1. Using the beta-carbon distance between residue 104 and residue 41 and R0 = 25 Å, what value does 1/(1 + (r/R0)^6) give for FRET efficiency, to the nearest 0.05?
2. From the backbone phi of the range 273-290, what are the Karplus-calculated ³J(HN,Hα) couplings (6.51 cos²θ - 1.76 cosθ + 1.60, θ = phi - 60°) in whole Hz, Gly and Pro given as x?
3. Once amide H atoms are built 1.01 Å from N in the peptide plane, which residues 5 or more positions from residue 142, or in another chain, come under 5 Å H to H?
4. What list of ³J(HN,Hα) couplings, whole Hz, do you get for the range 229-245 from phi and the Karplus terms 6.51, -1.76, 1.60, once you set θ to phi - 60° and write x for glycine and proline?
5. Find the eigenvalues of the gyration tensor of the Cα atoms of the range 173-300, then list the square roots of 5 times those eigenvalues as equivalent ellipsoid semi-axes, largest first, in whole angstrom.
6. Given 0.36 nm per residue, what is the gain on full extension from residue 284 to residue 168 after removing their alpha carbon distance, in nm?
7. So what's the projected area for the range 251-303, the Cα convex hull averaged over all directions, in nm²?
8. May I ask for the distance between the Cα centers of the range 161-215 and the range 226-303, given as a whole number of Å?
Amino acid sequence: MHRSRLIAPISALAASLVIGPLLVTVVLAADPTVAVKRGDTLTSIAKRNGVDVATLVVLNQLPDPNRIYPGQVLRVGIESAGQPAAAATPLAVATTEGRVHVVARGENLTRIAAHYGVTVSAIVGANAIANPSRIIGGQRLVIPGAAAAAAPAAAAPAAAAMPTSMAALVAQRDSVRQVIVQEATQYGVPVALALAVAWQESGWRQGVVSSAGAVGVMQLMPATAVWVGEVMLGHPVDSNDMRMNVRGGVRLLAHYLARYSGDRDRVLAAYYQGQAAVDRHGIYAVSRPYIASIKSLERLFGG
């Protein structure tokens, strides 16, 4: 993960940060931090503090902008040594390293990379993205070498290289990775698939809880955890226990792989939107970015 470096001030109330290839203008504030309250989202915090979501992501180097938790302390500005807080300055990006793409709602890195004829890994590396499966509407991405010709269609795709920033997080959470590998092996689920789903859902973190109440690493909803425990495992799934949480998610993947004869799109759609919805209505359009993101992650994990 790239570290922020404070450089020459633009004014008494603004400063520039160099983060990877980006030059970002942020606000100097007397009280540059806030504590996340129950029910908060980055959007609500950004509005409350007069900044935008992209600024919060940059200032806090958030690997997953959709995952924040009560009590978490977030920076909303830079310490100003007693200067009063000013009205927020919008995020300003200047770069000479490539075109800047503003992410549209529903876009994912796979689609963006294909549009510009570059690789997902190239975009991830240029923007120090810790989790390639999580980008947000309005986020600005540098597209390195956007004018370069795409590789010939007939050429075999090169193995995806995990960006350094993400690899560091993966290494930090290796104990969780080992549990996922063990449970996937036990239930016959492709290891890379299980790792990818777990990373997409929680970044391999047990302490995260979604706004809908899904707990921990593989983010099963409470009712789904009960169903998996009663029908598939024969014992309750304690979502607060990391191994049991992983086992429940992996066992559910094994069920979907059997039900849909290994069809990755339907397997992942069922994990995202539910089995009944897939059986009755097929794959929702809103599920497509989720599916594409996990497929990209699966390649990063060796699938």
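Where a number appears in this text, it was derived from the coordinates with a stated rule and is not lab data. Please read all numbers here as calculations on a predicted model, not as lab measurements. Every residue, glycine among them, receives a Cβ derived from its backbone with ideal geometry; neighbour counts consider all protein chains shown.
1. Result of the calculation: an efficiency of 0.80.
2. Those phi angles translate into 10, x, 4, 4, 5, 5, 5, 8, 10, x, 8, 5, 4, 5, 7, 4, x, 4 Hz.
3. Those qualifying (amide H under 5 Å, at least 5 residues apart or on another chain) are 101.
4. Each residue's phi maps through the Karplus curve to give x, 6, 8, 9, 9, x, 7, x, 9, 8, 5, 7, 9, 4, 5, 5, 4 Hz.
5. Ellipsoid half-lengths, sorted descending, are 20, 17, 15 Å.
6. Computed gain between residue 284 and residue 168 is 38.4 nm.
7. 3.5
8. Cα centres, the range 161-215 to the range 226-303: 13 Å.
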